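This report refers to the structure that appears directly beneath it.
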(Lines give C-alpha, C1' and ligand atoms only; values in the text may rest on other atoms or scores of the structure.)
Protein backbone atom coordinates (compact mmCIF):
# COMPACT_ATOMS: atom_id res chain seq x y z
CA UNK A 1 0.00 0.00 0.00
CA UNK A 2 2.90 2.32 0.80
CA UNK A 3 4.34 1.93 -2.71
CA UNK A 4 0.91 2.60 -4.17
CA UNK A 5 0.69 5.79 -2.19
CA UNK A 6 4.14 6.90 -3.34
CA UNK A 7 2.81 6.54 -6.89
CA UNK A 8 0.20 9.16 -6.01
CA UNK A 9 2.89 11.38 -4.56
CA UNK A 10 4.44 11.62 -8.00
CA UNK A 11 1.77 14.16 -8.85
CA UNK A 12 2.91 17.14 -6.60
CA UNK A 13 5.20 20.04 -5.24
CA UNK A 14 7.40 22.19 -2.88
CA UNK A 15 7.96 21.85 0.86
CA UNK A 16 6.65 24.68 3.01
CA UNK A 17 8.32 25.59 6.34
CA UNK A 18 5.00 26.94 7.65
CA UNK A 19 1.83 24.86 8.15
CA UNK A 20 0.11 23.96 4.90
CA UNK A 21 -3.08 25.75 5.85
CA UNK A 22 -1.40 29.18 6.07
CA UNK A 23 -1.44 29.21 2.24
CA UNK A 24 -4.34 30.13 -0.05
CA UNK A 25 -4.77 26.83 -1.89
CA UNK A 26 -6.75 26.71 -5.14
CA UNK A 27 -8.54 23.57 -6.23
CA UNK A 28 -7.40 22.10 -9.56
CA UNK A 29 -8.47 18.44 -9.69
CA UNK A 30 -10.31 15.65 -7.92
CA UNK A 31 -9.82 11.88 -8.24
CA UNK A 32 -12.45 9.89 -6.38
CA UNK A 33 -12.12 11.37 -2.90
CA UNK A 34 -8.67 12.91 -3.30
CA UNK A 35 -8.57 16.67 -3.87
CA UNK A 36 -5.61 18.50 -5.41
CA UNK A 37 -4.78 22.15 -4.74
CA UNK A 38 -2.08 24.48 -6.07
CA UNK A 39 -0.46 27.47 -4.38
CA UNK A 40 -0.51 30.03 -7.20
CA UNK A 41 1.85 32.35 -5.32
CA UNK A 42 4.49 29.61 -5.31
CA UNK A 43 4.79 29.46 -9.12
CA UNK A 44 8.27 30.87 -9.82
CA UNK A 45 10.07 30.94 -13.15
CA UNK A 46 13.65 29.71 -12.65
CA UNK A 47 14.89 29.77 -16.27
CA UNK A 48 13.53 30.12 -19.81
CA UNK A 49 11.29 27.06 -19.62
CA UNK A 50 11.26 25.78 -16.02
CA UNK A 51 9.14 26.66 -12.99
CA UNK A 52 8.96 25.72 -9.32
CA UNK A 53 5.56 25.41 -7.62
CA UNK A 54 3.71 23.81 -4.66
CA UNK A 55 0.86 21.29 -4.73
CA UNK A 56 -1.21 19.66 -1.98
CA UNK A 57 -3.25 16.44 -1.78
CA UNK A 58 -6.18 16.39 0.67
CA UNK A 59 -8.36 13.38 1.40
CA UNK A 60 -11.93 13.27 2.66
CA UNK A 61 -12.72 11.49 5.91
CA UNK A 62 -14.29 8.52 4.14
CA UNK A 63 -11.16 7.94 2.09
CA UNK A 64 -8.97 8.39 5.17
CA UNK A 65 -10.89 5.72 7.05
CA UNK A 66 -10.61 3.35 4.09
CA UNK A 67 -6.88 3.89 3.70
CA UNK A 68 -6.27 3.69 7.42
CA UNK A 69 -7.80 0.21 7.39
CA UNK A 70 -5.30 -0.71 4.68
CA UNK A 71 -2.49 0.19 7.07
CA UNK A 72 -1.25 3.31 5.27
CA UNK A 73 -0.46 5.98 7.92
CA UNK A 74 0.20 8.70 5.32
CA UNK A 75 -3.42 8.47 4.17
CA UNK A 76 -4.49 10.28 7.34
CA UNK A 77 -2.73 13.50 6.45
CA UNK A 78 -2.33 16.24 3.85
CA UNK A 79 0.80 16.13 1.73
CA UNK A 80 2.50 19.18 0.20
CA UNK A 81 5.20 18.83 -2.48
CA UNK A 82 8.04 20.97 -3.86
CA UNK A 83 8.20 20.48 -7.64
CA UNK A 84 9.97 21.62 -10.76
CA UNK A 85 8.26 21.59 -14.15
CA UNK A 86 10.29 21.99 -17.35
CA UNK A 87 7.93 22.92 -20.20
CA UNK A 88 10.55 22.58 -22.94
CA UNK A 89 11.89 19.20 -21.83
CA UNK A 90 8.44 17.94 -20.76
CA UNK A 91 9.83 16.75 -17.43
CA UNK A 92 8.44 16.89 -13.91
CA UNK A 93 10.72 16.70 -10.86
CA UNK A 94 9.53 16.14 -7.30
CA UNK A 95 12.14 17.83 -5.15
CA UNK A 96 10.63 17.03 -1.74
CA UNK A 97 7.39 16.60 0.14
CA UNK A 98 6.01 17.41 3.60
CA UNK A 99 3.23 15.76 5.57
CA UNK A 100 0.79 17.76 7.73
CA UNK A 101 -1.93 16.94 10.22
CA UNK A 102 -5.45 18.23 9.58
CA UNK A 103 -4.70 21.07 12.01
CA UNK A 104 -1.87 22.22 9.75
CA UNK A 105 0.88 21.07 12.10
CA UNK A 106 3.89 19.62 10.20
CA UNK A 107 4.79 15.99 10.86
CA UNK A 108 7.84 15.37 8.69
CA UNK A 109 9.55 16.34 5.43
CA UNK A 110 11.58 14.23 3.04
CA UNK A 111 13.74 15.03 0.02
CA UNK A 112 12.74 13.15 -3.13
CA UNK A 113 14.47 14.62 -6.20
CA UNK A 114 13.19 12.27 -8.90
CA UNK A 115 12.34 13.28 -12.47
CA UNK A 116 9.61 11.92 -14.73
CA UNK A 117 8.22 12.69 -18.18
CA UNK A 118 5.07 14.81 -17.96
CA UNK A 119 3.12 12.36 -20.11
CA UNK A 120 3.65 9.58 -17.57
CA UNK A 121 0.80 10.67 -15.29
CA UNK A 122 -2.59 12.23 -15.98
CA UNK A 123 -5.16 14.15 -13.99
CA UNK A 124 -3.56 16.72 -11.68
CA UNK A 125 -0.31 16.83 -13.64
CA UNK A 126 -2.19 17.63 -16.84
CA UNK A 127 -3.99 20.48 -15.05
CA UNK A 128 -0.72 21.86 -13.67
CA UNK A 129 1.07 21.57 -17.03
CA UNK A 130 -1.78 23.32 -18.82
CA UNK A 131 -1.72 26.19 -16.33
CA UNK A 132 2.03 26.74 -16.12
CA UNK A 133 3.23 25.84 -19.61
CA UNK A 134 0.24 27.03 -21.62
CA UNK A 135 -0.85 29.86 -19.35
CA UNK A 136 -4.42 28.63 -19.22
CA UNK A 137 -6.88 28.55 -16.35
CA UNK A 138 -7.45 25.63 -14.06
CA UNK A 139 -10.58 25.18 -11.98
CA UNK A 140 -10.60 27.37 -8.91
CA UNK A 141 -8.18 29.98 -10.18
CA UNK A 142 -9.32 33.57 -9.71
CA UNK A 143 -11.55 34.38 -12.68
CA UNK A 144 -8.97 36.32 -14.63
CA UNK A 145 -9.31 34.71 -18.01
CA UNK A 146 -12.36 33.07 -19.45
CA UNK A 147 -12.40 29.80 -21.31
CA UNK A 148 -10.33 30.17 -24.46
CA UNK A 149 -12.09 31.10 -27.66
CA UNK A 150 -11.44 29.16 -30.91
CA UNK A 151 -8.53 31.47 -31.72
CA UNK A 152 -6.70 30.75 -28.46
CA UNK A 153 -7.51 34.06 -26.76
CA UNK A 154 -8.45 34.58 -23.13
CA UNK A 155 -10.15 37.58 -21.59
CA UNK A 156 -10.28 39.87 -18.58
CA UNK A 157 -11.28 43.43 -17.77
CA UNK A 158 -9.41 46.72 -17.31
CA UNK A 159 -10.23 50.40 -16.85
CA UNK A 160 -8.67 53.78 -17.59
CA UNK A 161 -7.25 55.56 -14.52
CA UNK A 162 -6.01 58.81 -16.11
CA UNK A 163 -6.16 60.79 -19.36
CA UNK A 164 -2.70 59.50 -20.35
CA UNK A 165 -4.24 56.25 -21.53
CA UNK A 166 -3.06 54.11 -18.58
CA UNK A 167 -5.24 51.07 -17.84
CA UNK A 168 -5.34 49.11 -14.57
CA UNK A 169 -6.06 45.38 -14.43
CA UNK A 170 -4.98 42.23 -12.58
CA UNK A 171 -1.50 40.81 -13.09
CA UNK A 172 -2.92 37.34 -13.66
CA UNK A 173 -4.99 38.64 -16.58
CA UNK A 174 -1.85 39.47 -18.60
CA UNK A 175 0.68 37.08 -17.06
CA UNK A 176 2.71 35.28 -19.77
CA UNK A 177 0.87 37.16 -22.55
CA UNK A 178 2.61 37.66 -25.89
CA UNK A 179 -0.01 40.12 -27.16
CA UNK A 180 -2.44 42.33 -25.20
CA UNK A 181 -5.32 44.35 -26.63
CA UNK A 182 -8.21 46.38 -25.24
CA UNK A 183 -11.56 46.56 -26.98
CA UNK A 184 -13.25 49.96 -26.74
CA UNK A 185 -16.31 50.99 -28.76
CA UNK A 186 -15.72 48.06 -31.10
CA UNK A 187 -12.10 49.00 -31.83
CA UNK A 188 -8.95 47.15 -30.76
CA UNK A 189 -6.30 49.13 -28.89
CA UNK A 190 -2.78 47.60 -28.65
CA UNK A 191 -1.44 47.67 -25.09
CA UNK A 192 1.99 47.36 -23.53
CA UNK A 193 2.90 46.53 -19.93
CA UNK A 194 4.06 49.56 -17.96
CA UNK A 195 4.43 48.01 -14.48
CA UNK A 196 3.28 44.97 -12.50
CA UNK A 197 3.06 43.86 -8.88
CA UNK A 198 2.68 40.09 -8.85
CA UNK A 199 2.10 39.88 -5.10
CA UNK A 200 -0.73 42.42 -5.15
CA UNK A 201 -1.97 40.96 -8.46
CA UNK A 202 -2.03 44.32 -10.22
CA UNK A 203 -0.76 45.53 -13.60
CA UNK A 204 -0.61 48.91 -15.33
CA UNK A 205 -0.99 48.86 -19.11
CA UNK A 206 -0.27 51.65 -21.57
CA UNK A 207 -2.04 52.58 -24.79
CA UNK A 208 -0.55 54.78 -27.50
CA UNK A 209 -3.13 57.56 -27.24
CA UNK A 210 -4.57 59.62 -24.35
CA UNK A 211 -8.11 58.84 -23.22
CA UNK A 212 -10.48 61.59 -22.00
CA UNK A 213 -12.64 59.34 -19.83
CA UNK A 214 -11.29 57.65 -16.70
CA UNK A 215 -12.45 56.47 -13.28
CA UNK A 216 -11.85 58.69 -10.26
CA UNK A 217 -10.82 57.19 -6.93
CA UNK A 218 -12.78 57.56 -3.68
CA UNK A 219 -11.27 60.15 -1.32
CA UNK A 220 -11.79 60.63 2.40
CA UNK A 221 -13.55 58.07 4.57
CA UNK A 222 -12.94 54.47 3.48
CA UNK A 223 -15.81 52.13 2.73
CA UNK A 224 -17.32 50.07 5.53
CA UNK A 225 -18.96 46.67 5.90
CA UNK A 226 -22.49 46.96 4.56
CA UNK A 227 -21.75 49.74 2.05
CA UNK A 228 -23.18 49.26 -1.42
CA UNK A 229 -20.77 48.51 -4.28
CA UNK A 230 -20.95 48.10 -8.06
CA UNK A 231 -18.81 45.71 -10.13
CA UNK A 232 -18.24 46.12 -13.86
CA UNK A 233 -16.60 43.85 -16.40
CA UNK A 234 -16.80 41.54 -19.38
CA UNK A 235 -17.54 38.07 -17.98
CA UNK A 236 -17.76 35.13 -20.39
CA UNK A 237 -17.58 37.31 -23.53
CA UNK A 238 -17.46 34.31 -25.88
CA UNK A 239 -20.62 32.87 -24.31
CA UNK A 240 -22.68 35.91 -23.31
CA UNK A 241 -22.98 39.38 -24.82
CA UNK A 242 -19.81 41.36 -25.47
CA UNK A 243 -21.39 44.39 -23.78
CA UNK A 244 -20.20 45.67 -20.41
CA UNK A 245 -22.00 43.90 -17.54
CA UNK A 246 -22.91 45.66 -14.28
CA UNK A 247 -23.74 43.94 -10.97
CA UNK A 248 -24.33 45.43 -7.54
CA UNK A 249 -24.05 44.18 -3.98
CA UNK A 250 -22.51 45.08 -0.65
CA UNK A 251 -19.20 44.82 1.17
CA UNK A 252 -19.69 41.77 3.38
CA UNK A 253 -16.27 41.88 5.09
CA UNK A 254 -13.26 44.19 5.20
CA UNK A 255 -10.77 41.38 4.69
CA UNK A 256 -10.27 38.42 2.38
CA UNK A 257 -9.20 34.81 2.81
CA UNK A 258 -7.21 34.16 5.98
CA UNK A 259 -8.03 37.71 7.17
CA UNK A 260 -6.10 39.27 4.29
CA UNK A 261 -6.40 43.07 4.87
CA UNK A 262 -5.53 43.77 1.25
CA UNK A 263 -8.87 42.34 0.06
CA UNK A 264 -12.55 43.19 0.41
CA UNK A 265 -15.19 40.47 0.43
CA UNK A 266 -18.19 41.46 -1.66
CA UNK A 267 -21.58 40.07 -2.65
CA UNK A 268 -21.68 41.60 -6.14
CA UNK A 269 -21.77 38.57 -8.49
CA UNK A 270 -18.73 38.04 -10.72
CA UNK A 271 -17.75 35.45 -13.33
CA UNK A 272 -14.64 34.48 -15.31
CA UNK A 273 -13.66 37.56 -17.29
CA UNK A 274 -14.52 40.03 -14.48
CA UNK A 275 -10.98 40.03 -13.10
CA UNK A 276 -9.27 43.39 -13.34
CA UNK A 277 -12.57 45.25 -13.46
CA UNK A 278 -13.43 48.23 -11.25
CA UNK A 279 -15.36 48.04 -7.98
CA UNK A 280 -17.15 51.34 -7.32
CA UNK A 281 -19.06 52.91 -4.46
CA UNK A 282 -22.58 54.22 -4.98
CA UNK A 283 -21.15 57.60 -6.04
CA UNK A 284 -19.34 55.93 -8.92
CA UNK A 285 -15.83 56.22 -7.46
CA UNK A 286 -13.24 53.44 -7.29
CA UNK A 287 -12.92 51.47 -4.05
CA UNK A 288 -11.22 48.32 -5.35
CA UNK A 289 -10.29 46.04 -8.24
CA UNK A 290 -12.14 42.75 -8.83
CA UNK A 291 -9.74 39.85 -8.37
CA UNK A 292 -11.37 36.50 -7.54
CA UNK A 293 -14.26 34.35 -6.42
CA UNK A 294 -13.90 31.50 -3.98
CA UNK A 295 -13.56 27.98 -5.39
CA UNK A 296 -16.79 26.07 -4.80
CA UNK A 297 -14.97 22.73 -5.07
CA UNK A 298 -12.32 23.73 -2.54
CA UNK A 299 -14.90 24.80 0.04
CA UNK A 300 -16.93 21.65 -0.52
CA UNK A 301 -13.85 19.49 0.00
CA UNK A 302 -12.83 21.25 3.22
CA UNK A 303 -16.16 22.27 4.76
CA UNK A 304 -18.73 20.06 3.05
CA UNK A 305 -20.94 23.00 2.01
CA UNK A 306 -21.44 24.96 -1.20
CA UNK A 307 -20.38 28.62 -0.71
CA UNK A 308 -22.85 31.33 -1.65
CA UNK A 309 -21.65 34.40 -3.52
CA UNK A 310 -18.22 34.86 -1.90
CA UNK A 311 -16.16 37.19 -4.09
CA UNK A 312 -13.13 39.40 -3.55
CA UNK A 313 -11.66 42.70 -4.66
CA UNK A 314 -8.26 44.28 -4.03
CA UNK A 315 -8.61 47.09 -1.48
CA UNK A 316 -8.18 50.67 -2.73
CA UNK A 317 -5.24 51.27 -0.39
CA UNK A 318 -3.32 48.45 -2.11
CA UNK A 319 -4.12 49.97 -5.50
CA UNK A 320 -3.01 53.51 -4.64
CA UNK A 321 0.21 52.36 -2.96
CA UNK A 322 1.13 50.48 -6.15
CA UNK A 323 0.33 53.46 -8.38
CA UNK A 324 2.23 55.85 -6.09
CA UNK A 325 5.25 53.55 -6.15
CA UNK A 326 5.20 53.56 -9.96
CA UNK A 327 4.54 57.33 -10.14
CA UNK A 328 1.34 56.83 -12.14
CA UNK A 329 -1.26 59.60 -11.97
CA UNK A 330 -4.84 59.16 -10.78
CA UNK A 331 -7.56 61.52 -9.53
CA UNK A 332 -9.42 61.36 -6.23
CA UNK A 333 -12.74 62.87 -5.25
CA UNK A 334 -15.08 62.70 -2.28
CA UNK A 335 -18.13 60.47 -2.40
CA UNK A 336 -20.89 62.74 -1.18
CA UNK A 337 -24.02 61.83 -3.11
CA UNK A 338 -25.21 58.47 -4.39
CA UNK A 339 -25.93 58.19 -8.10
CA UNK A 340 -28.50 56.16 -9.98
CA UNK A 341 -27.06 52.81 -11.04
CA UNK A 342 -28.01 53.47 -14.66
CA UNK A 343 -26.03 56.73 -14.65
CA UNK A 344 -22.99 55.00 -13.18
CA UNK A 345 -23.31 52.31 -15.85
CA UNK A 346 -23.31 54.96 -18.59
CA UNK A 347 -20.02 56.36 -17.27
CA UNK A 348 -18.48 52.91 -16.88
CA UNK A 349 -19.08 52.20 -20.57
CA UNK A 350 -16.70 55.10 -21.31
CA UNK A 351 -13.96 53.98 -18.93
CA UNK A 352 -14.00 50.16 -18.79
CA UNK A 353 -12.51 47.91 -21.49
CA UNK A 354 -12.33 44.24 -22.33
CA UNK A 355 -8.78 42.89 -22.23
CA UNK A 356 -7.91 40.13 -24.67
CA UNK A 357 -4.70 38.14 -24.34
CA UNK A 358 -2.83 35.82 -26.70
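Tabulated results
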{"read-out": "Extreme residue, surrounded by the fewest Cβ atoms within 10 Å (Cβ to Cβ), among residues of region 189-199 that are within 13 Å of residue 356 (Cα to Cα) and in contact (Cβ under 8 Å) with a residue 40 or more places away in the chain", "value": "189"}
{"read-out": "Selected residue (only one of 28, 43, 38 is within 25 Å of the chain's Cα centre (by Cα), closer than 13 Å to residue 128 by Cα and modelled with pLDDT under 70)", "value": "28"}
{"read-out": "Filter result (under 20 Å from the mean Cα position of the chain (by Cα) and either free of Cβ contacts under 8 Å to residues at least 40 places away in the same chain or in a loop (DSSP other than H, G, I, E, B) (or both)) within region 162-178", "value": "170, 171, 175, 176, 177, 178"}
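The values are calculated or read from the model by the stated rules, or taken from the named source; none is laboratory data. Worth saying up front: this structure is predicted, and the values here are computed from it rather than measured. Positions of Cβ are generated from backbone atoms using ideal geometry, with glycine treated the same way; all protein chains shown enter the neighbour counts.
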